[in-house]
1. Under a 10 Å cutoff between Cα atoms, tell me which one of LYS73, LYS33, LYS103 has the largest fluctuation in the Gaussian network model of the chain.
2. For VAL42 and LYS128, what is the calculated FRET efficiency with R₀ set at 30 Å and r taken between the beta-carbons, to the nearest 0.05?
3. Sequence gap at least 6, Cα distance under 8 Å: using those rules, report the relative contact order of the chain to the nearest whole percent.
4. If you take every residue apart from ILE10 with its C-beta less than 15 Å away from the C-beta of ILE10, what net charge results, scoring Lys and Arg +1 and Asp and Glu -1?
5. Taking GluC sites (Glu not before Pro) that fall in a DSSP loop and have at most 13 other Cβ atoms within 10 Å as cut points, what is the longest piece of the chain between them?
6. Want the number for LYS13 to GLU109: 0.36 nm per residue separation, take away the alpha-carbon distance, what's left?
7. Can you give the local net charge around GLU89? Use residues other than it whose beta-carbon is closer than 13 angstrom to its beta-carbon, Lys and Arg +1, Asp and Glu -1.
8. Determine which lysines satisfy two conditions relative to LYS122: a Cα distance under 17 Å, and not lying fewer than 8 residues away in the same chain.
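None of the figures in this text is laboratory data; all of them are computed from the coordinates on show. What you are looking at is a predicted structure, and each value in this text was computed from that prediction instead of being measured. Note: ideal-geometry Cβ built from the backbone for every residue, glycine included; neighbour counts use all protein chains shown.
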Amino acid sequence: MYTFKDLVDITNKLRSEEGCPWDREQTHESLKKHLEEESREVFCAIDNKDMENLCEELGDVLFQVMLHSQIAKENHSFSIDDVVNGVCEKMIRRHPHVFGDKKAISPEEGEALWKAIKMQEKACEKSKKP
């Protein structure tokens, strides 16, 4: 069974000089339509309750994330490790009822906490902009 590290290595190889010409020429802009298409295919699999296809389509979306992250790494912007770290930090920060001392008994309370934290973060971002 392959691992996440294998996926990182495969993506890197595909974008390398020894890799695939099509993959090498892709940019964030050229990949937008593919991410949109793969996302639509995820929706269809969910609508059809087709778990086998959903697994495949989620892999395709994940590969789009991998390609965007590899391109960003090549441009010295960020890497897949930064993406993973960022989403982990966000999930922990926005779930204080799981990882902190807040309480949320119902799904509605959990969602309300999430929204309140998100609004607070967005307000802080706006106040930092010139």
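1. Among LYS73, LYS33, LYS103, the largest mean-square fluctuation in the Gaussian network model of the chain belongs to LYS103.
2. That gives a FRET efficiency of 0.30.
3. Answer for the chain is 15 percent.
4. Its environment carries a net charge of 0.
5. 19-130
6. Full-extension gain reported as 30.1 nm.
7. Combined, the nearby Lys, Arg, Asp and Glu give 0.
8. LYS90
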